[in-house]
Amino acid sequence: MTGPSAADAGFAGLGLVPELLETLTALGYEEPTPIQCEAIPPLLQGRDLLGQAATGTGKTAAFALPLLQRIHDPARVGDDSRTPRALVLVPTRELAMQVSEALPRYGHRPFDTSVVPVYGGQAIQQQLRALRRGVDAIVATPGRAHDHIRRRSIDLSEVRFVVLDEPDEMLDMGFADDLEAILDALPSERQTALLSATMAPRVRA
Ligand code: AMP
C-alpha cells in the first residue's frame, strides 16, 4: 500500500502529528511495525482498510493512532460535545480493556481522549453513567454494544471511524447478527478499518 519510504523515515514519514510522534518516542517506540507502515497512511487519508495482522504485531497502534488524529481533527470536529466519534468493536472483555487503555495512552496529548469500554458481564448502570458523561470513543464487545443501541444509550450519530478488531474471533463467538445490526445502525458516511488475523471469505464479506 505504501512504498518503502514510509518505513525508512520511521513514524515521522507516516503523516502523524508531532504530538503523537513525541508520545511514541516517550513510549520507546522507535520504528513502526509492518502493519503500522501499511495501515497508518491510508487511514490518515480517510480511506477504509482491510488489514491482516495477528496479535502482538502492533495492530492496536496501527488503527489507534490514525483514529485519534482523525476524530480530533479540528477541521472536522464542530464542537467538543463528546458525542462518540469512534467505535471499536472487539471480541472479548480483555481486548476491550486493553484497547480502551491504549487509546488514551496514545491520545492524552494533545487530545485528552476519553474512552469508555463497554462489555458484557459488567453492570450496565456503570456503563450508562460513563456514557452519559460523554466520550470521544467507545470500545465495545458486539453483544453489549447492540444492547446499548437498543436502549438508545449509545448515540452513534457522530461516529465517523469504526474499527472491527479481530472480526474472525467475533464471528467465531457468534456475534454475526449483533455486528450486522450495529453496522446497520451506524452513519453510512464513515471510515471503517478491519484488522483480522485471518482473511476467511466470511471476514471479507
Ligand atoms: P498489539 O499487537 O497491538 O497487541 O501490540 C503488541 C505490543 O507491542 C504492545 O505492548 C505495544 O505497546 C507494542 N508496540 C506496538 N507498536 C510498537 C512499535 N512500533 N515499537 C515498539 N513497540 C510497539
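Looking only at segment 105-117, count every residue that is in contact with a strand residue (DSSP E or B) (Cβ under 6 Å, 6 or more places away or on another chain) and farther than 19 Å from A193 by Cβ and tell me the total.
1
Please state which of the following conditions A62 fails to meet, knowing it meets all the rest: (1) in contact with a Ser or Thr (Cβ under 9 Å, 6 or more places away or on another chain); (2) closer than 25 Å to S196 by Cβ; (3) aliphatic (A, V, I, L, M); (4) away from the ligand (no atom under 15 Å from the Cβ).
The one condition A62 does not meet is (4).
Go through T33, T55, T83 for me and flag whichever is modelled with pLDDT of 95 or more and not hydrophobic (A, V, I, L, M, F, W, C).
T33
What number goes with the only condition from (1) within 28 Å of L20 (Cβ to Cβ); (2) at pLDDT below 95; (3) surrounded by 15 or more Cβ atoms within 10 Å (Cβ to Cβ) that V203 does not pass?
Going through (1) within 28 Å of L20 (Cβ to Cβ); (2) at pLDDT below 95; (3) surrounded by 15 or more Cβ atoms within 10 Å (Cβ to Cβ) one by one, V203 breaks only (1).
Kindly provide the set of residues from segment 106-155 that are surrounded by 20 or more Cβ atoms within 10 Å (Cβ to Cβ), over 14 Å from the mean Cα position of the chain (by Cα) and of a type in the set (S, T, N, Q), ordered by number.
If the condition is that a residue be surrounded by 20 or more Cβ atoms within 10 Å (Cβ to Cβ), over 14 Å from the mean Cα position of the chain (by Cα) and of a type in the set (S, T, N, Q), then Q127 is the only one that fits.
Of all residues in segment 119-142, how many are in contact with a Pro (Cβ under 9 Å, 6 or more places away or on another chain), assigned to a loop (DSSP other than H, G, I, E, B) and either farther than 16 Å from V159 by Cα or among the β-branched types (V, I, T) (or both)?
The number of residues fulfilling the criteria is 2.
Does Q69 fit the bill of being away from the ligand (no atom under 15 Å from the Cβ), assigned to a helix (DSSP H, G or I), out of contact with any strand residue (DSSP E or B) (no Cβ under 8 Å at 6 or more places or on another chain) and modelled with pLDDT of 95 or more?
In short, yes.
Look at segment 143-164 and say how many of its residues are in a helix (DSSP H, G or I) and touching a residue at least 40 places away in the same chain (Cβ under 8 Å).
Of the residues in segment 143-164, 1 are in a helix (DSSP H, G or I) and touching a residue at least 40 places away in the same chain (Cβ under 8 Å).
The values are calculated or read from the model by the stated rules, or taken from the named source; none is laboratory data. Keep in mind that this is a model prediction, so the values were computed, not measured. Please note: Cβ atoms are built from the backbone with ideal geometry, for glycine as well, and neighbour counts cover all protein chains shown.
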